[in-house]
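Participant: Can you read through this structure? Questions will come right after.
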Amino acid sequence: MLVFAGLGNPGAKYASNRHNVGFMAADAIARRHSFSPWSKKFQGLIAEGTLAGEKVILIKPQTFMNLSGQSVGEALRFYKLGPSALTVFYDEIDLAAGKVRVKVGGGSGGHNGIRSLDQHVGKDFRRVRIGVGHPGVKEMVHGHVLGDFAKADREWLDVLLDAIADGAGLLAEGDDNSFMNRVTLALRDKLTPTGDDDRPPPKAPKAQSHVRQARPQQPAAKLPETGPMAAMLKKLFGGKD
C-alpha cells in the first residue's frame, strides 16, 4: 500500500491559490483513475484507488498547511507504513512555473508543509515539487503563494495536472525519471506550436506610394509604343510577337 498526499489549505477561500496545487494534483489523480469519493479520516480527506496494480490512499490534510504532518503521520501510523511509502505533491517557488521535479529526501526549502512532514514522518519520502515560480523578492513570497493562479496560467496548469494524473502509475512503480519525462513531453507537445504555426508570419503587403495614395484617380502613365524608347523597353522586357 502507498500513500499519496497533496498539500494545501482547506476551504473555498484558498482553492485556487498557488499554495494549493498539491490539492489540485490529488484531485486530478482521483478523477483520472476513478478513486472512491472523498471521505473524512485522519484529520483530512481521503480517497482510495489503485495505480499500477498498487493500492493507493490519496490524502488531502485539512489541518492547514503548517500542520500537514499531523494528518499524514496519523495515516501512515494507522496503516503501519514508513516514509518510503509516502509521495507528497506540493508547490515549489524555486522552480519555474510548470516545471516538475521528483526527489527522495532533502530539506524543506522553507516550505512549512514539508517542514511539518519532516517532523512527523521523517525525511525519506518522495517529494513531487510543482513549480509555481518566484515573485522575485523574498518579501513578496507569502502573497505570491497565497495568491490565485492567473487566468493565463490555466493554459499550462491544466496540461500539467493532466500529465501528473496520467503518469501517477509511474510514481507508484517508483519510476521517477519516466514520470518527469512524461510530464515534460506532455507540456512540450501541447503548448509548443507545430505545423504551419512554426513558419514565420507572412510579410505585410508593401505600402502603396504616398503619391498614388494622394492621387488614386490619376491613371498610370502610358508607355510609348513606337520610337527609340519603345525599342529600348522591348529589349529589356521583351514584347509580344
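Derivation of every value follows stated rules applied to the coordinates shown; laboratory data play no part. What you see is a predicted model, and the numbers here were worked out from it, not measured in a lab. Because the Cβ atoms are built from the backbone with ideal geometry, glycine has one as well, and the counts that use them run over all protein chains shown.
Participant: Taking the range 100-172, which trypsin sites (Lys or Arg not before Pro) meet the DSSP loop condition and have no more than 16 other C-beta atoms within 10 Å? The partial results should precede the final answer.
Facilitator: Values: sites: 101, 103, 115, 123, 126, 127, 129, 138, 151, 154; in loops: 123.
Here the trypsin sites (Lys or Arg not before Pro) that fit, given the DSSP loop and packing criteria, are 123.
Participant: Further question: Can you work out ³J(HN,Hα) from phi for every residue in the range 63-69, in order, using Karplus 6.51 cos²θ - 1.76 cosθ + 1.60 and θ = phi - 60°, giving whole Hz and x for Gly and Pro?
Facilitator: Rounded to whole hertz, the list is 8, 6, 3, 5, 10, 4, x.
Participant: Moving on to the next point. Once amide H atoms are placed 1.01 Å from N in the peptide plane, what residues at a sequence separation of 5 or more from residue 50, or on another chain, have their amide H within under 5 Å of its amide H?
Facilitator: 56
Participant: Residue 1 to residue 178: extension gain in nm, 0.36 nm per residue of separation minus the Cα-Cα distance?
Facilitator: 61.6 nm
Participant: Report Rg(Cα)/(2.2 N^0.38 Å) for the range 16-139, keeping two decimals.
Facilitator: Ratio of Cα Rg to 2.2 N^0.38 Å: 1.03.
Participant: Still on this model: Starting from the 7 Å offset along Cα-to-Cβ, what nm value, one decimal, do you get for the label separation of residue 67 and residue 119?
Facilitator: In this crude spin-label approximation the distance works out to 1.1 nm.
Participant: Just grab the label-to-label distance for residue 96 and residue 48, each label 7 Å out from Cα along the Cβ direction, in nm (one decimal).
Facilitator: My value for the distance between the label points is 4.3 nm.
Participant: Provide the per-residue ³J(HN,Hα) series for the range 115-124, in order, calculated from phi with Karplus coefficients 6.51, -1.76, 1.60 and θ = phi - 60°, each as a whole number of Hz, with x at glycine and proline positions.
Facilitator: Whole-Hz 3J(HN,Hα) from phi for the range 115-124: 4, 5, 5, 4, 6, 9, 10, x, 9, 8.
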